Amino acid sequence: MSIAAEPNDLRDDVLNGLQLSTQLERVWRTPSGWMGALMAVDHKVVGRRYIVTAFVFLLLGGILAVLMRVQLAGPEKTFLSADKYNQVFTMHGSTMMFLFAVPVMEAFAVYLVPLMVGTRNIAFPRLNAFSYWMFLFGGCFLWISFLFNVGPDVGWFSYVPLSSLQFTPTKRADVWAQMITFTEVAALAVAVEIVVTVFKLRAPGMTLDRIPLFVWAMLVTAFLVMFAMPSIMVASTSLILDRLVNTRFYDSSSGGHPLLWQHLFWFFGHPEVYIIFIPGTGMVSAILATFARRPVIGYPVVILSLIATGFLSFGLWVHHMFVTGLPQLGAALFTASSMLIAVPSGLQIFCWLATLWDGRPVYRTPLLFVIGFIVIFVLGGLSGVMVASVPIDTQVHDTYFVVAHFHYVLIGGAVFPLIGAVYYWFPKIAGRMLSERLGRWNFWLAFIGFNVAFFPMHILGLIGMPRRVYTYTADMDWAHLNLLSSGGALIFALSFALLLVNVIYSLRKGELAGDNPWDASTLEWATSSPPPPQNFDRIPVVKHRDPLWADSESLPVVAGLSAERREVLLTSLAEAEPQIREASPEPSIWPLLAAIATTIFFIGSIFTPWAVLWGTPPMAVTLIGWFWPTGSKEDEE
Amino acid sequence: MRVWVRRVLVLCMTWPLAACAGRQSALDPQGPQSGQILHTLFIFLAVAAMVWTAVVIVLGIGMLRRKRSADRPLDLHQAFEERSGRVILALGIATTVIVLGLSLVSYAGQRTVFVKDEKAHTLKIIGHQWWWEVRYEADSPHQSFVTANEIRIPTGQPVKVELESADVIHSFWVPSLTGKMDLIPGQKNELQFTAKNAGVYRGQCAEFCGIQHAHMAFAVIAMSPDEFGRWRDHENQSANSPADQLGKQGEALFRGRGCALCHNISGTLAGGQLGPDLTHIGSRTTIAAGTLPNTPATLGAWIADPQHIKPGNLMPKMPLQSDELIAIIHYLEQLK
């Protein structure tokens, strides 16, 4: 082949138009066939898989929620046994937190961040593929265990000593703890990729104050993941050690302490909430700017709020432990720190309200979900201020009041923006618009169903209904509100069924989207829908915070990257000045093999400590294969 | 003004259950602690309701108001940008002031709720999967006794409960009297509360503690100090000897069929320590940790097949003939 005869000479500045597109596509495309699919490292391919897989877990977790609501619709129902119910609520929480909420947010980042910062692929694309496989295998491991009646039944928080070998002699708690390990590995990998992508792969000219708010949100989230996840990693690993090789981290009779678990778990668990919520705020900012037809007011305020939220989120884990008998003054300080996080959250809300106030809103489905978000999330935030108070918390802790509160925060704060984001970015990902008509039905069913399902739970908690009970007696007067709540849950579930119908229908019959159907301002809309494998034929140059609004006719570009092999442009951290051309990895099967080896190691090690010994060599082999030097050209200035 | 607000709020929050004041409800305070907590809660609720309403009103006006005429997204009015910046800053400061104010309100409430009275009646509660051991301890062992799932206290006098766990973490919660406190193995927690009026206040375990967490209830029965004294003197005594032949047969079966391996009945040879103490089981109002009312029929159903009523609980089903079962029930019912 003539191209092979003159390697690394062909730059994208000597080609033009269709010729350039075809050439870059050939270089960047994912190989065809099932082998090619397994080797994929394109962030869009991996991101799409990540999103779809996370939504499958949402569907599964949602089915569990409906099962629970059927069981609780009336007193003393026997639809689920006590044992099954405990598995179901544990699986619901674990699935939603670890297999849906965090991964889906990272999945959107994997797909969108490289496009939004104007580069060709995510940093460390093979690690990205590895991360997806680990997430998939971890999720399947948990769910297959559940289907074989070894599903965890100790709650998504898995408190010791209930989860210790003495009180859970089956493998159920191990399955939970090891699922955590899988998702930690996956989440940490994505966090590293996002940080490096945002710091080093931004288009020239995208200075720190021109980074889209969604990207800022994902950057802060990535840092939260990196600081929070090690805590749960320590916790779950020492739990497995306690169970498998008889260490005594949590055994109070030999110098350990059960509260150690709670501190470690919530030091992760509270930032976890913000790992889910902060990406939601990024989605809100992106959608709001587009549909209010103006940039978000207070760009620096929003960013500083995100960063402040990130820091504060590490200083309030103790409010999950107010009834464990802590010193009173210490607890009171955590009341204040917990409430203070309302300040940055509030500032963001004020910025969004001002944006809407001044904008010329176009009420399409994504904006409806953002408005629903504001109404629901503010209520959840305020009930959060209530549970942050020690005396109030002693009453509502571990009751349905808290169930109501965190569903308002998590569904209101993250799922509503997320569904809005699906409507918003679906045209970019699939090339076709979702049906607006179904979208409106979807929104109103979700909004009404959600509130009918969850508002009554506030009252249920106050009138004495604890969480995690598989049934209650008729004389407790909880039946009516529970029935109402179950009815609302069905409506809410219906709204997701409608979303699924809409997606399936629109994938085939939806209106063609074009590059920029919403007339949005950020770079992902500067390329075709769906984007080509190389994302952009030429790397854009950014001169404004809203590049597509500022240069609506033609975006300035930079040329000079290889059209011959995979290359990305590295830029400086603050000013995004071009620094270096760097090779971006080719597709590879090794990430999948490494993930399989790691999976065998992880699953083996809940059965025998020897797995650490025989499980490591296969991992080493796959990693050596992965990093085997291929003699690629050195990076060039 | 505040009383009025409070009444409206109570009405709004309780209308769905207007007919039935809950026996286990934070909205039905029967002591100074729960009253103080509800008071704090209403202050927070009022502030929260105002903030939420204000946000929704601003959102509504923002959506409905006539918009500026610029049609390009980047045609911004500098004056508006600056003014909105100032408003946002002011609202941020207001938010800070509100949350700091609420923190102080919370702390004031906390100090009242957790006030300690050295003269309080002390009793010890030990959590088990899935029942409550209640120990009334006195300086003299003759005045100490043990019961289960039913806590009797004198009205109008502060009570201190010391909370421990024999297995996993549980949480002691009687919402009508005060907030909850965990029972943690290897740790001693305590909680003080007072019941204003005589009555039965239901409580329930609030920390997930395994398969039968849902059926781990108890009752706090507040009685006048005189009545309480009489009850305590009675509890101090050993169990009644069975009065009739059937009862004697029941007592023998209680030992012979394995019941006594787990259950203690003071004054008899039954001295098991794993299950609830049954010395005065006949006088308790419920069985199986608040799961069933205590009647001969429910007691029979429970003993015949505890796994049917409370699947997974630690009491095994014993092979008993029906006449043996009748004798045992007859015996236990006499243990007033």
Order of B:248, B:336 from fewest to most other C-beta atoms within 10 Å?
B:336, B:248
Pairs of Cα atoms farther than 52 Å apart, the protein assembly as shown, %
24 percent
Cα extents of segment A:88-171 per principal axis, largest first, Å, are 53, 20, 18
Check residue A:399: other-chain or 5+ apart residues with amide H under 5 Å from its amide H, H built from backbone geometry?
A:467
Quick query: amide H of residue B:190 versus all other amide H atoms, modeled in the peptide plane; which residues come in under 5 Å with a sequence gap of 5 or more or a different chain?
B:163
Placed amide H near residue B:148: partners under 5 Å, 5+ positions off or other chain:
B:134
According to the Cα gyration tensor, what semi-axes, each the square root of 5 times an eigenvalue, does the equivalent ellipsoid of chain B have, listed from largest to smallest in whole Å?
54, 23, 17
With residue A:99 itself left out, Lys, Arg at +1 and Asp, Glu at -1 over residues whose Cβ is under 15 Å from its Cβ give -2
Cβ-derived FRET efficiency at R0 56 Å, residue B:142 paired with residue A:196, nearest 0.05:
0.15
Helix-only mean residue ellipticity at 222 nm for chain A, each DSSP H run of n ≥ 4 adding -39500 (n - 2.57), per residue, nearest 500:
-21000 deg cm²/dmol
Sparse-neighbourhood loop hits (trypsin sites (Lys or Arg not before Pro), segment A:517-621; DSSP loop; Cβ within 10 Å at most 16 others) -> A:543, A:565
Would you tell me the mean number of C-beta atoms belonging to other protein chains that fall within 10 Å of each C-beta in B:183-193, as a whole number?
4
Among A:410-417, A:25-32, B:135-142, A:219-226, what's the highest-first ranking by average C-beta atoms within 10 angstrom per residue?
A:410-417, A:219-226, A:25-32, B:135-142
Label-point gap, in nm, between residue A:473 and residue A:63 - each point 7 angstrom along Cα→Cβ
3.6 nm
Which of the lysines could a cross-linker span from residue B:188 if the Cα-Cα distance has to be under 16 Å and same-chain partners fewer than 8 positions apart are dropped?
B:116, B:124, B:160, B:180
Note: A:345-351 gets an average of partner chain Cβ contacts (10 Å, Cβ to Cβ) equal to 6
How shielded is B:90-102 by partner chains, expressed as the average number of their Cβ atoms within 10 Å of its Cβ atoms?
5
Alpha carbon centroid spacing (whole Å) that separates segment B:65-140 from segment A:515-564
45 Å
What list of ³J(HN,Hα) values in whole Hz, one per residue of segment B:28-33 in order, does the Karplus curve 6.51 cos²θ - 1.76 cosθ + 1.60 (θ = phi - 60°) give from phi, with Gly and Pro shown as x?
10, x, 10, x, x, 5
Virtual paramagnetic centre 7 Å along Cα→Cβ of residue A:248, amide N under 16 Å, in segment B:183-204:
B:185-187
Considering just Cα atoms, how many Å³ per residue does the convex hull of segment A:427-467 enclose?
81 Å³
The exposure ranking of B:298, B:40, A:197, A:78, fewest beta-carbon neighbours within 10 Å first, is A:78, B:298, B:40, A:197
From the square roots a ≥ b ≥ c of the eigenvalues of the alpha-carbon gyration tensor of segment B:239-336, which class results: rounded (a/c under 1.5), prolate (a/b over b/c), or oblate?
rounded
Please turn the phi angles of segment B:181-191 into ³J(HN,Hα) values with the Karplus equation 6.51 cos²θ - 1.76 cosθ + 1.60 (θ = phi - 60°), one per residue in order, whole Hz, x for glycine and proline.
8, 6, 10, 10, x, x, 9, 10, 9, 9, 8
Whole-percent pair-distance distribution, where bins are 5 Å wide, for the alpha carbons of segment A:38-139
2, 13, 20, 17, 13, 10, 8, 7, 5, 3, 1, 0
In Å, what Rg and Dmax follow from the Cα atoms of segment A:139-254?
18.8, 61
Grab the DSSP H runs of chain B that are 4 residues or longer, score each as -39,500 (n - 2.57), total them, divide by all residues and round the 222 nm result to the nearest 500 deg cm²/dmol.
-13000 deg cm²/dmol
Sort out for me the Cα centre separation of segment A:233-282 from segment B:246-278, rounded to whole Å.
43 Å
Checked segment A:497-637 with the C-alpha gyration tensor, a ≥ b ≥ c its square-rooted eigenvalues, rounded below a/c of 1.5, otherwise prolate if a/b is larger than b/c and oblate if not; verdict oblate
For residue A:585, net neighbour charge (Lys/Arg +1, Asp/Glu -1) across residues whose Cβ lies under 9 Å away
+1
Could you give the C-alpha radius of gyration of segment B:121-236 expressed as a fraction of 2.2 N^0.38 Å, taking N as the number of residues it contains?
1.01
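Throughout, read-outs are computed from the coordinates displayed, never taken from laboratory work. This one's a predicted model, so the numbers in the text were calculated from it and none came from an experiment. Cβ: placed from backbone, ideal geometry, glycine included. Neighbour counts: every protein chain shown.
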